[in-house]
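Every read-out reported here was derived from the displayed coordinates using simple, explicitly stated rules and does not represent laboratory data. Keep in mind that this is a model prediction, so the values were computed, not measured. Here the Cβ positions follow ideal geometry from the backbone for every residue, glycine too, while neighbour counts run over all protein chains shown.
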């Protein structure tokens, strides 16, 4: 089979198409024919050599967290799925023994990790992590959900977003940002969305963004947001210089949920504003397999349509990462092996 392997950690030029033996399932495992796999900023960080999870010692490395397709074969002791089933993988990897695995939520597991291997014609996976895809949901749409949409959904739920709440999403045109706007709309909340691209803001408005702001300047961010209102929630995947102005703009008692560091790993906080304003800052990583099932069900019923930014064949994987790196994409980029 063919795989899109990371052979050098130098960015998109480090992707090479290689041949590997077809995988065979062990007990409790399944092999799926990968029809679609979305790529994420997580993959790009690995490819750029900016991830603590992967270094040159493990090259060539096949990334890809979000494979979806058809079950090809199953190993011993597998129940509930069979060859021919349409499925999408929940990429969570957990120890199964700690208090968070026992009592939940599983994404708090002390040994939490992520599956890699979806950028291939076939993928060997933990069969218990497969979620069925209803007939009404295209496979490529299902592949958009496991990382970006699950992350956004879990953040909105942790913030207890309710109908009528005002949600601020700085940098709203990446995968998590677009997903947040769409899912906040499902929850009947209002959204403030920022981008430096007027064209992308128009597309966001079509997906449910209520208050677009054309800017990527953290210095003017708080004032622009306050002209609209005081957000109850900030969904922050940027970090860096965007954290402080977003906190300053937030309502008393509001919640900021942080899931990423696209703009930087270090943020400054105004400590008096934090405690005098009774504001909450909450870290969040991914979500649960139950979250993915819920999102698959909502999409299949037409509550929202996952936003796809482009599809690429396996040989064009490097091009897809280059488009992501240039920030030309809107929505999820999908590789179709």
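Let me make sure I get this right: for the range 80-191, a, b and c are the square roots of the gyration tensor eigenvalues over alpha carbons, sorted descending. Under 1.5 in a/c it's rounded, otherwise prolate if a/b > b/c, else oblate. Which is it? Oblate shape, in that a/c is at least 1.5 and b/c is the bigger or equal ratio. Taking 4 °C and 1.567 mPa s as conditions, the range 215-330 diffuses translationally at an estimated 77 µm²/s according to Stokes-Einstein applied to its Kirkwood radius (Cα pairs). Ordering of 156-165, 233-242, 315-324 by packing is 233-242, 315-324, 156-165, highest average first (other Cβ atoms within 10 Å, averaged per residue). Axis of helix 289-300 versus longest Cα principal axis of the chain: the two differ by about 80°, to the nearest ten degrees.
If I stretch the segment between residue 280 and residue 135 completely, what's the gain in nm (0.36 nm per residue apart, minus their alpha carbon distance), one decimal? Between residue 280 and residue 135, full extension yields an extra 48.1 nm. Of the peptides 69-76, 141-148, the ranking by mean beta-carbon count within 10 Å, highest at the top, reads 141-148, 69-76. Which residue fluctuates most in the GNM of the chain (Cα springs below 10 Å): 181, 271, 78? Between 181, 271, 78, it is 271 that shows the largest mean-square fluctuation. Per DSSP H run of n ≥ 4, the term is -39500 (n - 2.57); total these for the chain, divide by its residue number, and report the mean residue ellipticity at 222 nm rounded to 500 deg cm²/dmol. Mean residue ellipticity at 222 nm (helix-derived): -7000 deg cm²/dmol. Would you mind estimating how fast the chain diffuses translationally, via Stokes-Einstein at 20 °C and 1.002 mPa s with the Kirkwood radius over Cα pairs, in µm²/s? Diffusion coefficient, whole number: 105 µm²/s. Relative to the longest principal axis of the Cα atoms of the chain, the long axis of helix 175-186 lies at roughly 70 degrees.
The range 56-94 and the range 164-215 have Cα centres separated by 32 Å. Listed by Cβ neighbour count within 10 Å, with the fewest neighbours leading, 210, 57, 291, 273 appear as 57, 273, 210, 291.
Expressed to the nearest 5 percent, the antiparallel share of DSSP beta bridges inside the range 86-245 is 35 percent.
Restricting the count to DSSP beta bridges whose residues both fall in the chain, what percent are antiparallel, rounded to a multiple of 5? Within the chain, antiparallel bridges account for around 55 percent of the total.
Can you tell me how the range 1-133 classifies by the Cα gyration tensor, rounded, prolate or oblate, using a/c under 1.5 as the rounded cut? Oblate shape, in that a/c is at least 1.5 and b/c is the bigger or equal ratio. The GNM of the chain, with springs linking C-alpha atoms under 10 angstrom apart, assigns the highest mean-square fluctuation among 228, 81, 17 to 228.
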